[in-house]
Amino acid sequence: MNIVNRLIIIILAFSLTNAQASSYDDAFDVLMKYEGIIYHDNPKDPGGPTKFGWTLKSYRQTVSRNATKETIRSMTKDEARILYKKYWWVKYSASKIKSKKLAIQLFIAQINMGPYRPNRVLQEMVNDICDNNIRMDGILGSNSLKYINRCAGLANGYPYYLHLTYKNDPEVSAVWKWAKKGLRHRIFHFVDL
């Protein structure tokens with residue numbers, strides 16, 4: 001990782017508020033239970049070299065198009081923590097969910113499944129359970145967040161709702177055999193949070 005990227009990461013670290021940091025730190029700790037903390041470069045992994053859950057492919061798409069294998073290999077846990085905060089926790093609005101448990105669940109699901117599908121599942125759940133009619137577009141804007149934060153008890157059902165939705169999704173069914181073990185471990189960890 002070059003010096004400019006490292007300086008940006010250090011600056012971002014100091015911009016975190018304490019309230020946001022405590023929930024986020026818990027979310028990051030949960031994430032690290034399931035993501036690889038050592039560098040590996042498995043030719044069968046479509047994301048390429050990986051460390052702390054960051055693949056070279058996702059890093060290039062999210063952080064820097066110029067990233068190399070060495071960028072991933074040299075990443076520290078603190079750098080990964082700061083990057084997840086900026087590019088996932090804040091960007092996709094888990095930071096704006098009032099329920100700490102639901103925020104962590106959503107964050108982990110977004111990272112493992114992409115941000116929009118888990119967001120749509122949450123929007124659908126809010127519509128079903130709390131009789132709302134928010135647009136299920138996968139974007140957690142102010143209207144979605146208002147109703148998500150008003151709808152009680154979502155964290156208790158979200159893992160199950162997410163599991164059933166993905167199990168029955170034709171787009172996911174092709175990879176379900178491969179994905180279900182990892183998803184099951186990550187999704188049902190949420191029940192105990």
Tell me, what % of the accessible area of the range 36-125 is carbon and sulfur with a 1.4 angstrom probe?
-> 50
Treating cross-link reach as a plain straight distance, find the aspartates and glutamates whose alpha-carbon is under 16 Å from the alpha-carbon of Lys33, omitting any fewer than eight places away in the same chain.
-> Asp25, Asp78, Asp192
Surface per residue (accessible, 1.4 Å probe) for the range 43-104, Å² = 51
Return the subset of Lys44/Lys98; Lys77/Lys98; Lys51/Lys167 for which the Cα-Cα distance in this structure is over 32 Å, preserving the input order.
-> Lys44/Lys98
Which order do Asp25, Asp128 take by accessible area at a 1.4 Å probe, largest first?
-> Asp128, Asp25
If each of Glu124 and Ile38 carries a label point 7 Å out from its Cα toward its Cβ, how far apart are those two points in nm?
-> 3.9
At a Förster distance of 35 Å, what's the computed FRET efficiency of Lys69 paired with Asp26, Cβ-Cβ distance as r, to 0.05?
-> 0.70
DSSP loop (so not H, G, I, E, B), at most 11 other Cβ within 10 Å: list which trypsin sites (Lys or Arg not before Pro) in the range 98-144 pass both filters.
-> Lys98
Relative compactness, the range 55-136, computed as alpha-carbon Rg over 2.2 N^0.38 Å | 1.29
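The values are calculated or read from the model by the stated rules, or taken from the named source; none is laboratory data. Fair warning: this is a prediction, and the values are worked out from it, not measured in the lab. Cβ sites come from the backbone with ideal geometry, for glycine too, and all protein chains shown count toward neighbours. Note: accessible area is taken over every heavy atom of the protein model, side chains too, but ligands, DNA and RNA are not part of it. Shrake-Rupley method; radii C 1.70, N 1.55, O 1.52, S 1.80 Å.
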